[in-house]
Amino acid sequence: MKISLHNELPGEAQFQQLIDSVSERTGERRPLAYEALCDGGPVIAAYDQGVLVGLGRLVSDDIGQQAFECKIRPGYERREIEAYMRKLLAVSPVESHCHC
């Protein structure tokens with residue numbers, strides 16, 4: 001399996017499938033909304049043969065500090081997807097909020 005990374009928003013249906021799979025595993029009650037993703041900053045989408053398996057983005061707080069947030073589909077956690085997305089977005093590991 002070859003993971004491809006794209007600097008673009010995924011389709012809403014693919015996004016929702018990813019969020020559902022991550023939320024089911026982590027029990028996350030307030031998953032990321034597609035509208036928030038569209039209104040946010042830079043995004044990196046990871047695909048495995050056309051299936052969205054990861055999503056990373058930069059988020060800013062009220063004082064302008066940025067942090068990295070990512071969602072990785074169960075089964076893909078140990079494939080270094082987060083590290084590649086972080087490099088493409090140029091974020092240090094300290095500023096990370098990743099849900100796998």
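Among Cys38, Cys70, which comes first, second and so on when ranked by fewest other beta-carbon atoms within 10 Å?
So the residues, fewest neighbours to most, are Cys38, Cys70.
Using θ = phi - 60° in the Karplus curve 6.51 cos²θ - 1.76 cosθ + 1.60, the 3J(HN,Hα) couplings for segment 3-13 round to 8, 10, 10, 10, 8, 7, 5, x, x, 4, 5 Hz; x is entered for Gly and Pro.
Computed from the coordinates by the stated procedures, all read-outs in this text should not be read as laboratory data. Everything quoted here is computed from the prediction, not taken from an experiment. Glycine also receives a Cβ, built like all others from the backbone with ideal geometry; neighbour counts cover every protein chain displayed.
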